[in-house]
Amino acid sequence: MNAINARPHLNVPLLALLLSLGHAALFAQPVYQESYKIKVILNSGERLYGLIDYLTDSTLTVANDTERASFSSRGAPWNTVAFTDIKRVIVKRTSKKRSRISGAIVGGLLAGFAEVATSQKNQFRSPSLAIVNTILATGAGALIGMVAGHLVGNTSRFVIRPAGSDPETINRSIRLRLEPFLYDAQQRLMKNQ
């Protein structure tokens with residue numbers, strides 16, 4: 001019996017190591033507050049870009065977004081808009097870090113598992129070649145997964161439209177849907193965890 005056929009159990013510990021590293025990396029991510037960019041489309045057709053600065057019972061204050069030119073022409077660092085004037089609000093995350101990390105973990109695990117499964121069918125001449133091949137396949141899968149996570153992160157957005165026809169219902173519906181995206185609401189949520 002040669003050394004090639006004597007190591008069928010070598011891949012089981014490698015797979016367990018890959019899964020445990022991915023599991024540890026996934027749950028070891030620190031909890032941080034998200035910031036969200038919004039695009040407010042008014043009934044008049046005007047568009048406002050920026051960050052949610054403040055909510056009252058009937059108004060939304062949008063802080064200036066330095067990447068967009070809509071505020072520079074108006075000269076104001078923020079705008080206050082009544083909820084009844086809003087046609088819809090589009091909310092996007094400013095950071096795609098979580099989607100990139102999740103994509104890298106999933107891609108690395110899938111590529112590592114696929115490599116381990118194929119190396120059991122076509123065995124290598126030495127265990128060191130098998131380990132190097134597993135590491136390279138996992139790294140390539142993580143890179144592809146990170147790119148895929150970045151592209152999928154672009155599509156995650158929330159569209160908020162006013163519900164109802166009377167002003168009280170519109171005010172309440174928009175405020176309740178926008179409140180989780182406020183910085184203060186996220187701080188309260190993190191303190192309660």
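Highest first, please rank the peptides 116-122, 55-61 by the mean number of other Cβ atoms sitting within 10 Å of their residues. Numbers along the way, then the final one.
Values: 116-122: 12.3, 55-61: 15.6.
Per-residue Cβ counts within 10 Å, averaged per peptide and sorted highest first, yield 55-61, 116-122.
Mind ranking 94-100, 47-53 by how tightly packed they are, going by the mean number of other C-beta atoms within 10 angstrom, highest first? Working shown, then result.
Values: 94-100: 15.6, 47-53: 18.9.
With the highest mean Cβ count within 10 Å placed first, the list reads 47-53, 94-100.
May I ask for the distance between the Cα centers of segment 143-185 and segment 95-133, given as a whole number of Å?
Result: 35 Å between the Cα centres.
What lysines could a cross-link reach from Lys37, if we take a straight Cα to Cα line under 18 Å and drop same-chain neighbours fewer than 8 places away?
Lys87, Lys92, Lys96, Lys97
Since every read-out is calculated from the coordinates, none of them should be taken as a lab result. Quantities reported herein were computed from a predicted structural model and do not represent experimental measurements. Neighbour counts run over all protein chains shown; Cβ positions are idealised from the backbone, glycine included.
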